[in-house]
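Written below as structure tokens is the structure these notes are about.
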Amino acid sequence: MRVSDIRDTDDASGVARRLMAALSASVVIHDNELFVSGSVGVAIYPDDGTEIEELLKHADIAMYRAKEDGKGRFHFSDSSMTARAVDKMNTETRLRRAVERSEFVLHYQPK
């Protein structure tokens, strides 16, 4: 099956599994056998977006979720991932600004 023939999540799962299998095959470079793995994020048109930038953003978020789950995994995009990524980004931004403005105070508590 070609990527252009994908019609539903079952088709996409099959393609992702074949891609993961291809990535896990060993490669020989200069007499050294190397093994690689990959993490794949899947975004489905039009459910996850109608523009390429939007689809790539959702696939990227899903890929990072797959990485969190461990090597050699794939994950589908869902709205909770996007909300979680936005929350994480906002929290990180607020923490960076707080550090820049010296809004943190260190307290020592002796044992």
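With respect to being at pLDDT 90 or above, β-branched (Val, Ile, Thr) and either touching a Leu at 6+ places or on another chain (Cβ under 9 Å) or at negative phi (or both), residue 29 fits the description.
Each residue in region 40-76 was checked for being open to solvent by less than 100 Å² (accessible area, probe 1.4 Å) and either touching a residue at least 60 places away in the same chain (Cβ under 8 Å) or not in a helix (DSSP H, G or I) (or both), and 14 of them qualify.
I need the full set of residues from region 1-25 which are assigned to a helix (DSSP H, G or I) and of a type outside the set (A, V, I, L, M), in order please. Result: 4, 5, 9, 10, 11, 13, 14, 17, 18, 24. For residue 102, the conditions (1) small (Gly, Ala, Ser); (2) at pLDDT 90 or above; (3) within 15 Å of the chain's Cα centre (by Cα) are fulfilled apart from (3). Kindly indicate whether any position in region 80-89 is open to solvent by less than 60 Å² (accessible area, probe 1.4 Å), more than 19 Å from the chain's Cα centre (by Cα) and at negative phi. No, region 80-89 contains no residue that is open to solvent by less than 60 Å² (accessible area, probe 1.4 Å), more than 19 Å from the chain's Cα centre (by Cα) and at negative phi.
Each row is one residue, and each column tells you yes or no for (1) touching a Leu at 6+ places or on another chain (Cβ under 9 Å); (2) under 25 Å from residue 22 (Cβ atoms); (3) among the aromatic types (Phe, Trp, Tyr).
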site	(1), (2), (3)
43	yes, yes, no
47	no, no, no
51	no, no, no
74	yes, yes, yes
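Going through region 1-13 one residue at a time, which ones are surrounded by 10 or more Cβ atoms within 10 Å (Cβ to Cβ) and over 17 Å from residue 75 (Cα atoms)? The answer is 1, and nothing else.
Of all residues in region 79-95, at least one satisfies being touching a residue at least 24 places away in the same chain (Cβ under 8 Å) and part of a helix (DSSP H, G or I).
For region 14-39, the candidate set comprises residues that are in contact (Cβ under 8 Å) with a residue 24 or more places away in the chain and among the hydroxyl-bearing types (Ser, Thr, Tyr); within that set, the residue that is surrounded by the most Cβ atoms within 10 Å (Cβ to Cβ) is 39.
The values are calculated or read from the model by the stated rules, or taken from the named source; none is laboratory data. Only a predicted model underlies this, so the values are computations on that prediction, with no experimental measurement involved. Here the Cβ is made from the backbone with ideal geometry for all residues, glycine too, and neighbour counts use every protein chain on show. For accessibility, only protein heavy atoms count, side chains too; no ligands or nucleic acids. Shrake-Rupley method; radii C 1.70, N 1.55, O 1.52, S 1.80 Å.
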